[in-house]
Every structure is written in structure tokens, then in C-alpha cells.
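A short worksheet on the structure shown next.
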Amino acid sequence: MAIEFSRKDMLPPLPPPVSERGAVKWARENLFSTPLNIALTVLGVLVILWLVKSALPWWLNSVWNASSLSECRAIVEASAGAGATGACWAMLRVWWSGFIFGFYPSAEWWRPILSLGLLFAALSPALFAGQKRNLTIVIAGAALFLVVALYLAETPATAFVLSMVLILGLLALAQVAPAKLLWFTLIYPALMLWLLWGGSVWLPIVGMAGFGVLYFVFRLASPFIGLAPAAGLGVVAAALWWLYIDVPVVNQLQGLLPFGIPSIDSDEFGGFLLATVIGVTAITFSLPIGILLALGRQSDMLIVKTLSVGFIEFIRGVPLITLLFTASLLLQYFLPPGTNFDIILRVIILVTFFAAAYLAEVIRGGLAALPRGQYEAADALGLDYWRAQRLIILPQALKISIPAIVSTFIGLFKDTTLVGLIGLYEPLKGITQLVRADTNWKGIYWEPYIFVGVIFFVICFGMSRYSMYLERKLKTDHR
Amino acid sequence: MAEAAKMQVSDEIAIQITGMNKWYGQFHVLRDINMTVQRGERIVICGPSGSGKSTLIRCINRLEEHQQGQIVVDGTELTNDLKNIDKVRSEVGMVFQHFNLFPHLTILENLTLAPIWVRKVPKREAEETAMYFLSKVKIPEQAHKYPGQLSGGQQQRVAIARSLCMKPRIMLFDEPTSALDPEMIKEVLDTMIQLAQEGMTMLCVTHEMGFAQAVANRVIFMDQGQIVEQNEPKEFFNNPKSERTKLFLSQILGH
């Protein structure tokens, strides 16, 4: 038998047959491949048609102008005939500010608005490290938002001008020295606390000085007693500063130079303002705590390891609701007498711990996924523990854990609705209940929940898309 | 070439190991190791798998801890003192079987990271040094790629360059060619031979007997955690003394 073969002319490439490309191929493979699939496809189409048929008129008959639910229904019946149903979005005209700001006085709305705008400016250096183009887009977007929103909120002229100077200054800084923006990120938490709760301008300044005390003590002590004890001493010194020195110093300074904005009580917070304050603060602080806990759990030092494991397992083993009740009822007993710890602050602390415990386990997974060789190579080059962690181990471990970390963040943000159970007016239950108790809107059901749901979805979807962007950007393995 | 290389060996002692023992739990991995390495010596360590040869060189920069005896590297004794350990590690370069490059950093960043953070070299100077060593291992054009984009042989040469950037006085090689395709082994060995000719003190765990014959001035054969035989390469290969060595050589050179 002849096995010899040699090709004389090469074949030109041809397009695939019609049935093997595009929508036809897709439909044939995915919708109509077997009798069962054909049946399921038909059934699916019928279900979709039924859903659209029953829900579409409700959306189409939406009413945006009415002063009560009964007026709404009358309008719907007048235009679409008796028995027709329609959404009554007119409720939002009255209640939108409740959903967004809670009971925050309308004259002071500019403060949460400014906090939100500056939040993006403060997050941008962390989210888009060193990428000038993205930094500029985010900060310019924040500036634009501030111009419009502050104008609509009838901001006092001085505050408006100062806000503009600040955000435009940040925009300029992003052009000249993007790395310096991180300093704004560091002072932002104090600025936000002051803007939202108000009071003397000296509160955030003296409060931030506590971190200065921490750093100062750490630097002074670390050559003598080593890094870890010095850090502990610094924390103790800062705690003493906040507990005993902070308040008198603020009072003195306020006596000398009385600048400030009106104080707002925590029970005036509500709606998405409350959810965002709790969510953003807890997200920001839970990540570093989670990292430290994850490293602590892997430590060779018995005490550090035991404390980390104990903390993680205890917090994870207790439902968040229990922790929230602890925050609202029990925590007062553990604090020095006379200190009145704000309820929102207490909730933030416990939500932060809760998220940190979950993050620690997520990050531990990332750490475990790294090959031993990475630790050994870092060791062999003479990097000490903290540098090896910061430069080699954590960047890779965190990258592996991004999807799970962001899931935890999304879960945390949605969990902020649980604070409704301890009497705070979060948007989903707290504010919605108020709307439904309003005599004008008694009986309204879908509209407030849909409104709240849409806003939650937009925020969570945004976080999810950002995490996908980050994964793509950090992909260096080229597999 | 081997003759010329031998002349560079000085009387200065680079590594001194006396009465060293190591256990993994109950398992006695290294048993009464005594060895002295002179500056400029190039030592090849071979032996069957599980004989403790990798563990031995990993003890020298304390990736593994020994429980008994003494290891003195460059005049610094390895104890639990972290300062001593970091000092020894920054003087001793190590090349691993699986390269262990940092996948999230570019080649250039891999090379400059330790000089910048451990040696406190200014960034620009560190980059110049890095480019010098990349040229030396013949891949300067890959500087801005990521490790994942390079072939195994290229990655191992980057790993050698990364160690050299710390200007080490001693280099440890832990089976540097075992994870490579046959075609790439040569390019890595060439780099190592070049390094040997420049007088670097080297300890190589390897089964490349050609390399041992070309550049080593001592071959150490280990089995069951002990040094069974050591000699000059020529004597070691042509006239092994112990039965165990003869058996080992007949198996690895038998085909």
C-alpha cells in the first residue's frame, strides 16, 4: 500500500457554512438542540410573555404627579379604565429626601453632598493608583456633581466657594502630583466625620492629632523596645489622648477661635446617607484589620495567633444582629463611665469587626494559594517579614482574593439594612415603613421597595464592575 | 579551565559547618555534617533524592533551621538572631528549582526590589545594575515583560540575575536545571559556568555531571543525610571510593 503523499497546492481559507456561524448557530446549539431544550425554550418564552403582560401596564400607567395614593389611583383609572393598576411614583416627589438624607435638616444637606463628592476624590488615589487619566475623570466627575448638587441644595455661599476651591485644588493636584492625593485620602475620614456630624472645627483636627501622637510615640520608642511593642505603646498613647486630652483641648481651642458648623444628632441620620456612612466606613477600615487578622492567624507567635483565631471565630460564629444589639445595648457598659459613645459609631465599629473577620478568612485563602517558593524567594533575598508581606505576598494574595473581597463588601453594604432592627432609619425598612405609615400613602407597596432596590443594585453592581476592572488590570500571568 | 579556576581559591573561609544535625520531627535528615568552603570554591553536591542535599544548602541561608552544631557564613554564625539571618541572606544569593520569580512584578522590578528595599540603593542606580546583569545573562530586551511571558530558561536566567543584583559573595543553586526542557538547560548552565569563571563561591545541587566536571573543584556525594564521599571531580568520577557512590554513578551515567 502506498503511504507516500505530498501536497501540490495549498487550500485557501473558506468561511464556515451558514448553519455554523452567528445567531443561527447559537440558537441551534443553545435553544433547540434537543426536544427537552425546545420544550424549555417555549416554556421560557411563555413565562417571559406572561410576566411582561402582567407587569407592563403597571409600569406604563405610572403616575408622577399626585398628592396621595388615592389621587394616584383615581388618575390611573381615569386614563386606563376601571380596575387598571399603575405605579405611583408621585410618592417619591414627597419622600425622596427621606430616602436619601433621613431627617437631616434640609439647610445642611450640602454637608452630606460635599462628603459624597469628596469621598470619590479621596477614594480615587486608592482605586486608581497613579493613573492620571482615571484620577482626573473621577475627580472632575465629582467636581461636576458637586457644582450641580450643591447648587440645588441651596448651599450657603461661603461653603459653596470653599467646597469649589477644595475640589478644584484636588483636581489640580491630580495633574501635578497624583501621589500627593493620598494625603487627602488620609485626612478624609476626619473631614467626613466633621462635615456630617458638625461641631467645632477643632474636633477633627485634634482627633487626627491622636494619630500624630501614635506615630510620634512609635518612632520614639521603636529603637529601644522593638517595632511591635512600640506600636502597642503608640496605640495606648493615642487611646489616652482621645479619652482624656482630646475634649479639654478642643474646648480650649474652641474658646480661643470659635469656628464651627451646627451639630447634627445621630438620630437625624437616615436613608441612604446612613447606609453609605456605615458601609463606606466599615469597608475602609475592615480591609486593613482583615489583613492583619489573616497575617496574625498565620503567625508563628502563639499569642498573636490565638488572639486572631479567637477573634475571627468568635465574630464569625455570632450573627450580625447579635452584634448590632450589643452595639445598641451592651457596649455602653464596657466603656468608661461618662463617655457617651455615638450609636452610629458603635454600629460602625461592630460592623467593621464583623466584615474584618470574614475578610481575614478570605485573605487567608489568598495567602494559602501562594506557592511556598514566593515566601522562600523573598526570604532568600533578605527581605524582612513586613517588607516581604507588603511587596511580595500581599499584592499577590489580595489579587487572588479580589472577587471574594468584593463579595464581602457587597454583602456588608446590604447588611447595613439590618440596623433597622435597632431603631435606626435605614432605607429599606426604616424609611419605607414611615412612607407606608404616612396617611397620604397608606397602602403603597411596590414603589418604595423598587426605588430602594434599584439604588442598592446600582451601587453593588458598580462595586462588582470595579472588581472585574481591577482583576483585568492586575492580570500579569498571561496564561 | 578547571586548573585555572582552582588557582582562584583563597584560604579565606566562606562557609564553615561543624557537627550539624537536623531533624524533621523524628526524622533525622542531616547527620553530623562537617564541611568547610573556601572563598572562590565551586562545589557540586549530588546524591539520590531524599539524601538531604537540598536541605543542606537551604540551611546555609536558613530557609531551614538546624537543631545541632554550628553554621558560620562569612564570619556570621546562624542563630535565632533575626539580624544575623537577614545579614547572611543579603550576602548569599539563592537560585531555586522553580525560579520563584515574583509574577506580579516586571523583570526589572524583580531585579531591583531587593537592592532598593534591603540595600537602600537609589532606584536609578538599582535599575542600572539590573540592566547590567540582564545583559550579562543575555536578555536585556525582556526587562519590561512579566515573568509569565518568558520561557523557563529565560526565567531561570532572570532568577540568577536577581540574585546577582544583591552583589552576593556566595551563590547557592538548588537544582537550577531540573525543571527545564533539555534545550534550555544549556543556556542556564552557560550562565553558571560564566559565573564560576569569574570566581564566585558557588554551591550547586545538581545532577549535571558535565557541569561538575567542567567547573567544580570539589564534588560532594550525599546519601541518607550524610556526606558519603567528596573529592576532586576527576577522582570522584573515575575512581570513586565507596560502594554507594559507585552504584549512584553507574545509575546516572549508565546510559
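The values are calculated or read from the model by the stated rules, or taken from the named source; none is laboratory data. A quick note: this is a predicted structure, and the numbers were derived from the prediction, not measured. Every residue, glycine as well, gets a Cβ built from its backbone with ideal geometry; the counts of neighbours run over all protein chains shown.
Things worth noting here:
- Residues of region A:432-479 classified as within 14 Å of chain B (Cβ to nearest Cβ), of a type in the set (A, V, I, L, M, F, W, C) and not in a helix (DSSP H, G or I), total: 1
- Of all the criteria given as (1) within 24 Å of B:LEU172 (Cβ to Cβ); (2) polar (S, T, N, Q); (3) at pLDDT 90 or above, the one not satisfied by B:SER90 is (3).
- Residue ID - nearest to the other protein chains (Cβ to nearest Cβ), chosen from residues in region A:364-378 that are more than 19 Å from A:LYS475 (Cβ to Cβ) and out of contact with any His (no Cβ under 7 Å at 6 or more places or on another chain): A:ALA377
- Looking across B:ASP174, B:ASP190, one residue alone is farther than 17 Å from B:GLN97 by Cβ and either of a type in the set (Asp, Glu) or in contact with a Leu (Cβ under 6 Å, 6 or more places away or on another chain) (or both). It is B:ASP190.
- Qualifying residue in region B:81-100 (condition: assigned to a loop (DSSP other than H, G, I, E, B), buried (at least 22 other Cβ atoms within 10 Å of the Cβ), of a type outside the set (Val, Ile, Thr) and on the phi > 0 side of the Ramachandran plot): yes
- Failed item in (1) surrounded by 15 or more Cβ atoms within 10 Å (Cβ to Cβ); (2) in contact with a strand residue (DSSP E or B) (Cβ under 6 Å, 6 or more places away or on another chain), with A:GLY271 passing the rest: (2)
- Index of the failed condition, B:MET184 passing every other in (1) within 11 Å of chain A (Cβ to nearest Cβ); (2) touching a helix residue (DSSP H, G or I) at 6+ places or on another chain (Cβ under 6 Å); (3) within 23 Å of A:PRO371 (Cβ to Cβ): (1)
- Boolean, B:ASN110 is touching a Leu at 6+ places or on another chain (Cβ under 9 Å), part of a helix (DSSP H, G or I) and more than 10 Å from chain A (Cβ to nearest Cβ): no
- Number of the exception - B:ALA161 against (1) hydrophobic (A, V, I, L, M, F, W, C); (2) in contact with a Phe, Trp or Tyr (Cβ under 6 Å, 6 or more places away or on another chain); (3) over 27 Å from B:LYS120 (Cα atoms): (3)
- When we screen B:GLU187, B:GLU235 for residues that are over 30 Å from B:GLU127 (Cα atoms) and in a helix (DSSP H, G or I), the only hit is B:GLU235.
- Residue ID - farthest from the other protein chains (Cβ to nearest Cβ), chosen from residues in region B:145-156 that are part of a helix (DSSP H, G or I) and surrounded by fewer than 24 Cβ atoms within 10 Å (Cβ to Cβ): B:GLY153
- Of all residues in region A:61-78, those that are touching a strand residue (DSSP E or B) at 6+ places or on another chain (Cβ under 9 Å) and over 18 Å from A:PRO448 (Cα atoms) total 2.
- Residue, farthest from A:ILE289 (Cα to Cα), within region A:399-416, restricted to residues that are under 13 Å from the mean Cα position of the chain (by Cα) and of a type in the set (S, T, N, Q): A:THR416
- The residues of region B:31-78 that are basic (Lys, Arg) and not in a strand (DSSP E or B), listed by number, are B:ARG39, B:LYS53, B:ARG58, B:ARG62.
- Any hit, region B:5-23, residues being over 18 Å from B:ALA196 (Cβ atoms), at pLDDT below 90 and more than 18 Å from the chain's Cα centre (by Cα): yes
- Apart from one condition, B:ALA159 fits all of (1) within 13 Å of chain A (Cβ to nearest Cβ); (2) surrounded by fewer than 23 Cβ atoms within 10 Å (Cβ to Cβ); (3) among the hydrophobic types (A, V, I, L, M, F, W, C); the exception is (2).
- Within region A:108-126, residues that are within 12 Å of A:ALA159 (Cα to Cα) reach partners that are of a type outside the set (A, V, I, L, M, F, W, C) with beta carbons closer than 6 Å, at six or more positions or on different chains, in the pairs A:TRP110/A:THR155; A:LEU114/A:SER163.
Per-residue answers, yes or no, for (1) under 26 Å from the mean Cα position of the chain (by Cα); (2) surrounded by fewer than 17 Cβ atoms within 10 Å (Cβ to Cβ); (3) within 14 Å of another protein chain (Cβ to nearest Cβ):
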position	(1), (2), (3)
A:ILE291	yes, no, no
A:ALA294	yes, no, no
A:LEU302	no, yes, no
A:PHE334	no, yes, no
A:ALA380	no, no, yes
A:PRO395	yes, yes, yes
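- Within the set A:ALA82, A:ALA2, A:ALA55, the sole residue that is out of contact with any helix residue (DSSP H, G or I) (no Cβ under 8 Å at 6 or more places or on another chain) and assigned to a helix (DSSP H, G or I) turns out to be A:ALA55.
- Look at (1) without any contact (Cβ under 8 Å) to a residue 40 or more places away in the chain; (2) in a helix (DSSP H, G or I) and you find that A:SER299 fails only one, number (2).
- Residues of region A:362-385 satisfying the condition of being in contact (Cβ under 8 Å) with a residue 12 or more places away in the chain and either closer than 22 Å to B:ARG169 by Cα or assigned to a helix (DSSP H, G or I) (or both): A:VAL362, A:ILE363, A:ARG364, A:GLY365, A:GLY366, A:LEU367, A:ALA369, A:GLN374, A:TYR375, A:ALA377, A:ALA378
- Looking only at residues of region B:38-90 that are charged (D, E, K, R) and more than 14 Å from chain A (Cβ to nearest Cβ), we find that the one that is farthest from B:MET166 (Cα to Cα) is B:LYS53.
Condition check ((1) of a type in the set (Gly, Ala, Ser); (2) within 14 Å of another protein chain (Cβ to nearest Cβ)) across all residues:
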| residue | (1), (2) |
| --- | --- |
| A:GLU361 | no, no |
| A:LEU398 | no, yes |
| A:LYS414 | no, no |
| A:GLY420 | yes, no |
